[in-house]
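Okay, structure first, notes after.
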Amino acid sequence: MIHYEGMLDETSGQCLMDMIMMSSVSERVKRKDTRKWCALAIELIDNAIRYNTTDHISFYWEMNESGLVMRLKNTATAKDAERLRDSVERLKAMTPEELETEFRAQMLNGEFGDKGGAGLGMIQIIRKGVRSLEVVIVRRGEDHYICETFIDAKPE
Amino acid sequence: MSESLHIAVTRSTPLVRFEPVNGKFEVTGISTPINSFGFYSQLIQWLDEHAGLITSGSVFRFDLPYFNSASMKALLILLQKIKAISDTGKNLEIEWLVRDEDEFMEEAADSLQELLGMPIRQIRE
């Protein structure tokens with residue numbers, strides 16, 4: 001279990017990713033699932049580093065025999081928060097075949113966003129079978145949103 | 001040495017060692033930079049400028065314990081560059097390390113191979 005409240009920048013984000021990857025060597029959970037879950041946690045943290053509008057996040061990660069619970073809370077602009085929420089809803093409505101088409105299109109377009117994103121993080125999470133991904137956004141100011149991402153995944 | 005490319009490892013970027021004289025091209029380490037394309041564009045530019053030095057039999061070896069999806073996209077662009085050099089008639093090999101039956105890495109290699117249209121040999125350690 002990891003519960004972190006504090007600063008998030010590229011360095012502290014990397015520390016969190018390292019800790020999560022360390023947990024993938026645990027004997028208590030099936031390897032196949034742990035590795036996948038670690039990869040998607042990395043995507044969420046990576047996303048938060050890019051789009052967080054303050055230097056603070058809240059991150060909770062608990063992985064055991066019954067599954068994974070992950071919660072990440074960060075701030076974002078209205079545009080980025082709404083785009084994340086809408087993107088996740090759109091991707092979750094896709095069939096596996098449509099997700100594969102979307103993945104291919106994003107991989108092959110050669111484009112990166114202003115903040116260095118590749119448009120792949122959420123596709124990868126849902127494509128890897130984690131449809132329990134939920135995004136809740138709450139407006140806190142003119143251009144200031146709290147963005148909360150949840151995952152509650154069960155072993156395959 | 002000036003015709004080699006050496007980039008030191010950092011917490012979020014891999015070690016890069018491109019040595020055309022030995023036919024060895026290695027990318028080794030975690031890859032989670034925020035500006036992934038910025039990092040890999042150095043390698044792509046080097047390949048553009050030094051393609052003539054790369055000989056048949058050269059091996060490009062990728063050993064990435066984990067990476068973010070932006071790195072995966074940037075890696076595909078790098079691999080496309082390698083394929084373009086290979087398509088000029090040079091026999092190049094791409095190796096991709098997979099440790100501990102890591103399914104995530106296997107799937108990444110499979111996806112990249114399919115998108116690239118060139119074999120990526122998975123080396124299991």
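Nothing in this text is a laboratory measurement; each read-out follows from the coordinates by a stated rule. These numbers come from a predicted model, not from an experiment. Here Cβ is always computed from backbone atoms with ideal geometry, including for glycine, and neighbour counts include all displayed protein chains.
Quick notes
- With K and R counted +1 and D and E -1, the other residues having a Cβ less than 14 Å from that of B:I120 yield a net charge of -3.
- Rounded, prolate or oblate (a/c below 1.5 giving rounded, otherwise prolate when a/b exceeds b/c) for the stretch B:86-125 by Cα gyration tensor: oblate
- Amide H contacts of A:H56 (H built 1.01 Å from N, under 5 Å, at least 5 apart or other chain): A:L8
- Our estimate of slack between A:D152 and A:V69, defined as 0.36 nm per intervening residue step minus the Cα-Cα distance, is 29.4 nm.
- Cβ-based net charge around B:I7, under 13 Å, with every Lys or Arg adding one and every Asp or Glu removing one: -1
- Net charge of the neighbourhood of A:E100, taken over other residues with C-beta under 13 Å away and scored Lys/Arg +1, Asp/Glu -1, is -3.
- Ellipsoid fit via the Cα gyration tensor, the stretch A:100-140: semi-axes of 21, 17, 6 Å, each the root of five times an eigenvalue, largest first.
- Of interest is the spacing of the C-alpha centroids, which for the stretch A:133-149 and the stretch B:60-91 amounts to 36 Å.
- Helices assigned as whole DSSP H runs in chain B whose Cα atoms extend at least 27 Å along their own long axis and whose mean Kyte-Doolittle hydropathy is 1.0 or higher are not found.
- Filter on A:K36/B:K83; B:K24/B:K81; A:K36/A:K154; A:K128/B:K83; A:K115/B:K73; A:K128/A:K154 - keep pairs with C-alpha separation over 18 Å: A:K36/B:K83; A:K128/B:K83
- Rounded if a/c under 1.5, otherwise prolate or oblate - the stretch A:1-104, Cα gyration tensor axes: oblate
- Restricting the stretch B:88-125 to trypsin sites (Lys or Arg not before Pro) in coil, as DSSP defines it, with at most 11 other Cβ within 10 Å: B:R99
- Relative contact order (percent, whole number), the stretch B:1-124, Cα cutoff 8 Å, 6+ residue spacing: 21
- In a DSSP loop and with at most 14 other Cβ atoms within 10 Å, the trypsin sites (Lys or Arg not before Pro) in the stretch A:62-120 are A:K115.
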